[in-house]
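Everything below concerns the one structure shown next.
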Amino acid sequence: MKKVERINVIMRYINNRAHFTISEIMREFNISRSTAIRDIREIEAMGMPLVAEVGRDGGYFVMNNSVLPTVRFTNNEIKALFIAFMATRNQQLPYLKSRHSLAEKLLGLLSENQQDDLVLLNQILLFEGTNPNNPDLLDLSDLPHPMLEKLIQTLLLDRYLWITINEEQGITSYPIYLLHLYREKNLWMIEGFDLIEEKRQTFSVDNLTDVKPYPAKKRLSKKKVAEKLSKQEEEINLVLELGPKAIAQYKKYHPLKVSISYMDPYQTTAILKTFINVNHQEELAEITNWLLFLGGDIKVREMPKEVLGGLQERLFRYRP
């Protein structure tokens, strides 16, 4: 770790502690006593109000009401931040307006040379979903669904939610315990445990019209929710062994509920286990397309006949 990076990390480390010693700094950052003392002195010179305690158990503490000195970014850290901003454009992420103001503030801290580097990267680098004709880092054209931020603000306070969904048959409200909020196929999705039907449900945020906390007196405990979910876990009916090419494809895209376990320390082979609802035609078609996307570097250990039939039909249809 370079000195600038180490000092930044040490400042954050000691600012979050009521008391620390030189020995703790030495152990935590694997540095010598003389280096630790020099770093502490430099941090003091930067304005952090440290008070030394003498005696056998002495050390340092930060004065009350102290303010952490300005964090210094390396050139590579600045590039990493802005490339992350660039890569997430047109992704309809929450808090986009805050990202906009954060980018403006960071730009104001940079030197002219650093700004020139970022302008050049912004012109050269393109990411999936990025519109090359609208490359402005501070553009706000990709605002997400207006309910997304309200949903996040509510779930941070309470995962028991009363959500209102605009469905084909009309407006319906569901009391749920939120399990996941995720983005798949360019859509934000809510996965929750329905507290009335007592089953797992998935909803699109695009159809969300309102969200509020669910009354405490009507709730199932988190333990009860976990117990009911565990009893409803479907029996695994698809087991595949993936080679390196299939693993590479898996990393590019995979359905949320599908995970793999590596079989060797080099991560060149893996086992995929999941449940496929063969009575759900949309899921069946989706998994068939995805298995074709994985390619031929797979070995089938177990597969429902409906999935196998779908694969054979697709392969026969496109065979020259």
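Only one of these is touching a strand residue (DSSP E or B) at 6+ places or on another chain (Cβ under 7 Å) and exposed (fewer than 12 other Cβ atoms within 10 Å of the Cβ): Ile260, Ile196, Ile247. Name it. Don't jump to the end; show me each part of the working.
Details: Ile260 fails: exposed (fewer than 12 other Cβ atoms within 10 Å of the Cβ); Ile247 fails: exposed (fewer than 12 other Cβ atoms within 10 Å of the Cβ).
After ruling out the rest, the residue left standing is Ile196.
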Note on region 17-45: residues among the aliphatic types (A, V, I, L, M) and either modelled with pLDDT of 85 or more or surrounded by 12 or more Cβ atoms within 10 Å (Cβ to Cβ) (or both) are Ile22, Ile25, Met26, Ile31, Ala36, Ile37, Ile40, Ile43
Of the listed residues (Thr70, Thr130), the one being in a loop (DSSP other than H, G, I, E, B), at pLDDT below 70 and either surrounded by 16 or more Cβ atoms within 10 Å (Cβ to Cβ) or of a type in the set (Phe, Trp, Tyr) (or both) is Thr130
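The values are calculated or read from the model by the stated rules, or taken from the named source; none is laboratory data. In this text, all values refer to a predicted model and were calculated from it rather than measured experimentally. Reconstructed Cβ throughout: ideal geometry from the backbone, glycine too, with neighbour counts over all protein chains shown.
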